[in-house]
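*Asks:* One structure, as structure tokens, below. Some questions next.
The values are calculated or read from the model by the stated rules, or taken from the named source; none is laboratory data. Just so you know, these numbers come straight off a predicted model, no measurement behind them. No Cβ is skipped: glycine too gets one built from the backbone with ideal geometry, and neighbour counts run over all protein chains shown. Calculation scope for accessible area: heavy atoms of the full protein, side chains included, ligands and nucleic acids excluded. Shrake-Rupley method; radii C 1.70, N 1.55, O 1.52, S 1.80 Å.
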Amino acid sequence: MERNDGTGRPDDERPWNRPRDPAQPPERPAYPPGDVPMPQPVRNLRTLLMVLAGAQALLAVWVLTHATEIAARTWEDDAPELHSGTVEFFGVLILALAGWGVATALRFPARLPGVRISAIAYGWASLPFAYVFFGLTIITVAWLALTILALVRPHQPESRAWFG
């Protein structure tokens, strides 16, 4: 065989020229074909992640705009401005978490297994926000229900099949 790639290997030794081993799983396409619709449970999970991320974004904006008031009630000092930076840090952290949820939901059409894992991790990361809403019992129960759904839905067979 000729050597025309500069590596000193014949053409038939290149990995892409070797025959596939039948024991290996078939290669998946990089992007789903256009005629494959997203299953309903996967679309519901995507919508649920968007709703959770939107609620977290609203909470983050509220925390960022009321940082001094929250610091004054939390630390009860004469100078709440000293602690408002800590509250603002947590507001930005909540906003970043909301961005993670939106980014994960927008990546669903790619059908990558890591997106499913990211949705599960996002569900676990958003679970402690039920403690934030603890004083408002109806919102707490609704948040817990939505978060538990976000944890369960990626484990459904349709979701597993969609993400490979």
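*Asks:* Being modelled with pLDDT of 65 or more, farther than 27 Å from Trp143 by Cα and not in a loop (DSSP other than H, G, I, E, B) narrows it down to one residue among Glu88, Glu81; which is it?
*Replies:* The match here is Glu81.
*Asks:* Given the conditions (1) touching a residue at least 12 places away in the same chain (Cβ under 8 Å); (2) within 19 Å of Thr47 (Cβ to Cβ), which single one is not true for Ala145?
*Replies:* (1) is the only condition that Ala145 fails.
*Asks:* Any chance segment 98-118 includes a residue that's open to solvent by less than 50 Å² (accessible area, probe 1.4 Å), among the charged types (D, E, K, R), closer than 30 Å to Met38 by Cα and not in a loop (DSSP other than H, G, I, E, B)?
*Replies:* Yes; the residues of segment 98-118 include at least one that is open to solvent by less than 50 Å² (accessible area, probe 1.4 Å), among the charged types (D, E, K, R), closer than 30 Å to Met38 by Cα and not in a loop (DSSP other than H, G, I, E, B).
*Asks:* May I ask you to list pairs of residues, at least six apart or on different chains, whose Cβ atoms are under 8 Å apart, with the first in segment 74-103 being touching a residue at least 12 places away in the same chain (Cβ under 8 Å) and the second being outside any helix (DSSP H, G or I) and surrounded by fewer than 12 Cβ atoms within 10 Å (Cβ to Cβ)?
*Replies:* Going by the 8 Å Cβ cut-off, the qualifying pairs are His83/Asp77.
Table: residues versus (1) under 17 Å from the mean Cα position of the chain (by Cα); (2) within 19 Å of Val61 (Cα to Cα); (3) aliphatic (A, V, I, L, M).
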site: Leu95; (1), (2), (3): yes, yes, yes
site: Ile117; (1), (2), (3): yes, no, yes
site: Ala125; (1), (2), (3): yes, yes, yes
site: Ala145; (1), (2), (3): no, no, yes
